[in-house]
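A quick write-up on the structure given underneath.
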Amino acid sequence: MRLADLSERSGVSTATIKYYLREGLLPPGRQVNATTAEYDEGHLRRLRLVRALIQVGRVPVATAREVLGHVDDESLGRTIRLGAALWALPQEPEPDEEDPAVVAARREVDALLERLGWETARELAPLSPVHRSLVVAVATLIRLGYPWDAELLSPYAELMHQVAVRDLDFMETYASEEEKVETAVAAAVLFEPVLKALHRLAQEEESARRYGIV
């Protein structure tokens, strides 16, 4: 398809597509002649992912380029490729390790991972921005007087493991490695708001069942 067709099918203006091409967010099309290039379904899929990162995830262009660089890095195994892409997404800043709440939170998170038997998460903890985000969130709860410990967190973590199984099962339905990793990154940006909304709806439903509506 030509640039105009890609614009029409994606709903993204040609000027914006050209900007994404210049910034390296979208791979160049196949050059037909000096002034014309052709694009395929892969460009359309990547364009949707770029829009998801920038518009929904509010990811800066430079960060989006880094994420997509990991998506395209065929030298990495799938786990590292996916992890690197997800880690490049905006994360929590480094916590204050002298804060008593952070110390307590890190202790509980470490106990949680040991309790669950999540060995890879434990090994990667010193490097993982996702681990850091969990520590920061638990520290905030502790600081506000809601001391969630490993025992309380454990059933929630087990439920999220079931969600992760569903995520990867869905990812496996795509053919290429690039599509698999793109799908996982898109889900991290687009589907987490769905999970949040479902959680709140489920709370409303369970509350009504237990206590009635009036």
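The values are calculated or read from the model by the stated rules, or taken from the named source; none is laboratory data. Note that the coordinates shown come from a computational prediction; the quantities given were computed from them, not determined experimentally. Here Cβ is always computed from backbone atoms with ideal geometry, including for glycine, and neighbour counts include all displayed protein chains. Please note that ligands, DNA and RNA were not included when accessible areas were found on the heavy atoms of the full protein model with its side chains. Shrake-Rupley method; radii C 1.70, N 1.55, O 1.52, S 1.80 Å.
A few comments on the model shown:
- Residue under evaluation R143, criteria (1) open to solvent by less than 70 Å² (accessible area, probe 1.4 Å); (2) touching a residue at least 12 places away in the same chain (Cβ under 8 Å), criterion not met: (1)
- Filter result (open to solvent by 100 Å² or more (accessible area, probe 1.4 Å) and of a type outside the set (K, R)) within region 202-214: Q203, E204, Y211, I213, V214
- All conditions but one from (1) over 20 Å from E192 (Cα atoms); (2) modelled with pLDDT under 95 apply to E108; the one that does not is (2).
- Only one of the numbered conditions (1) part of a helix (DSSP H, G or I); (2) under 23 Å from Q91 (Cα atoms); (3) modelled with pLDDT under 95 is not met by R166, and that is (2).
- Residue list for region 13-60, restricted to those being among the charged types (D, E, K, R), in contact (Cβ under 8 Å) with a residue 40 or more places away in the chain and not in a loop (DSSP other than H, G, I, E, B): R45, R46, R48, R51
- Filter pass, L201 being touching a helix residue (DSSP H, G or I) at 6+ places or on another chain (Cβ under 9 Å) and of a type in the set (A, V, I, L, M): no
- Among residues of region 1-12 that are more than 11 Å from A37 (Cα to Cα), those with a beta-carbon under 7 Å from a residue that is basic (K, R) and open to solvent by 30 Å² or more (accessible area, probe 1.4 Å) at least six positions away or on a different chain give the pairs S10/R48; V12/R51.
- Looking only at region 78-99, and only at residues there that are modelled with pLDDT of 80 or more and either open to solvent by less than 40 Å² (accessible area, probe 1.4 Å) or assigned to a helix (DSSP H, G or I) (or both), the one that is nearest to A188 (Cα to Cα): P95
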